[in-house]
1. Only one of Asp87, Asp78 is of a type in the set (Asp, Glu), in contact with a helix residue (DSSP H, G or I) (Cβ under 9 Å, 6 or more places away or on another chain) and surrounded by 14 or more Cβ atoms within 10 Å (Cβ to Cβ); which?
2. In the stretch 141-153, which residues are farther than 12 Å from Pro207 by Cβ and either modelled with pLDDT of 95 or more or in contact with a helix residue (DSSP H, G or I) (Cβ under 6 Å, 6 or more places away or on another chain) (or both)?
3. Which residues, counting only those in the stretch 234-270, are in a strand (DSSP E or B) and under 16 Å from Arg211 (Cβ atoms)?
4. State all residues of the stretch 223-233 that are surrounded by fewer than 19 Cβ atoms within 10 Å (Cβ to Cβ) and assigned to a strand (DSSP E or B); if no residue qualifies, say none.
5. Which one of the conditions (1) loosely packed, with under 15 Cβ neighbours inside 10 Å; (2) within 18 Å of the chain's Cα centre (by Cα); (3) not in a loop (DSSP other than H, G, I, E, B) does Lys132 fail to meet, given that it meets all the rest?
6. Give me a count of the residues in the stretch 103-122 that are touching a residue at least 12 places away in the same chain (Cβ under 8 Å) and assigned to a loop (DSSP other than H, G, I, E, B).
7. Kindly list the number of the only condition in (1) more than 16 Å from Ile124 (Cβ to Cβ); (2) over 16 Å from the mean Cα position of the chain (by Cα); (3) modelled with pLDDT of 85 or more that fails for Glu225.
8. Kindly provide the set of residues from the stretch 106-143 that are more than 17 Å from Leu247 (Cβ to Cβ) and of a type in the set (Phe, Trp, Tyr), ordered by number.
Amino acid sequence: MRLQINFKTKVLPVYYRNLFISLIKQAIKNVDTDYFNQLYHYRSKNNKAPKPFCFAGRFLFDRERFKENKGLFYPHGDVHLYLSSPDPAFIARLYNGLLGIKTFPYQNFELERGKIIMLNERNISENAVTFKTLSPILIEKVENGKEKPILPIDKKTRQPLPEDNSDFKCFLKELNYIGDKTLAGVKSALAIETDEKGLKEELNFIPLKLRKEVIRHKVRERNKEEKIYTFTCFSGQFKLIGHPEDLKLLYQLGIGLRRAQGFGMVEVVG
């Protein structure tokens, strides 16, 4: 299930994803506090389990003004929030919560909500689908205790990496690992009956038109104060090959890390 929510605002922070995270949390909390706590808290700590949704913020902005102050976006027209989930219960709570929010203040910023539109979801029945990103995809691996970004393109030439390249093999391994963990966690939470806990089949990835994208994003780790991090992601078009049921769930849930923080949302091409 997919939603489009339109907003009006004069200015957005460069870390606008955090604004949308706060909005989503508030909308759910306003409707069902128990569900909110189940989704975001576990034994007085942040719940790290995979969330059953992804989202993307999309808007045009004044590039000249952004050059003068790279901490702010000045949108041209409406700001659109796109959200996807395979869970009708989550969508229902979010939708009802958003209906009760006409304006949403966040620090020194404010959103004025417009229409909430239910979008058609594309049917996936084949084992190969061409996707385009609505929000950048983040794939990382842990190396020496630190997260290291992995891209399916060469960082210097910006060209797709060949299949036999060691970096591409590493990317594909981490893509499958993250995808398997995502599906296993969400299937368990939603009580989806299946013999496979995670992916039914291994994923294969074919780069088409991709670019590197560097994102500034605020993160709160272990209930401490938020810090601004820089994440190296990729955006564009690619073909994903796997079991149709896996591809459908990844389409609904998003691909990669930090999906519930505004990363990894995709749309079917064609």
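The values are calculated or read from the model by the stated rules, or taken from the named source; none is laboratory data. Just so you know, these numbers come straight off a predicted model, no measurement behind them. With ideal geometry, Cβ positions are generated from the backbone for all residues, glycine too; neighbour counts draw on all protein chains shown.
1. Being of a type in the set (Asp, Glu), in contact with a helix residue (DSSP H, G or I) (Cβ under 9 Å, 6 or more places away or on another chain) and surrounded by 14 or more Cβ atoms within 10 Å (Cβ to Cβ) holds for just one of Asp87, Asp78, which is Asp87.
2. Result: Lys141, Ile150.
3. Across the stretch 234-270, the qualifying residues are Phe234, Ser235, Gly236, Gln237, Phe238, Val266.
4. Step one: of the stretch 223-233, the residues surrounded by fewer than 19 Cβ atoms within 10 Å (Cβ to Cβ) are 223-230, 232.
Answer for the stretch 223-233, where residues must be surrounded by fewer than 19 Cβ atoms within 10 Å (Cβ to Cβ) and assigned to a strand (DSSP E or B): Lys227, Ile228, Tyr229, Thr230, Thr232.
5. The number of the failed condition is (1).
6. Within the stretch 103-122, residues that are touching a residue at least 12 places away in the same chain (Cβ under 8 Å) and assigned to a loop (DSSP other than H, G, I, E, B) number 4.
7. (3)
8. Answer for the stretch 106-143, where residues must be more than 17 Å from Leu247 (Cβ to Cβ) and of a type in the set (Phe, Trp, Tyr): Tyr106, Phe109.
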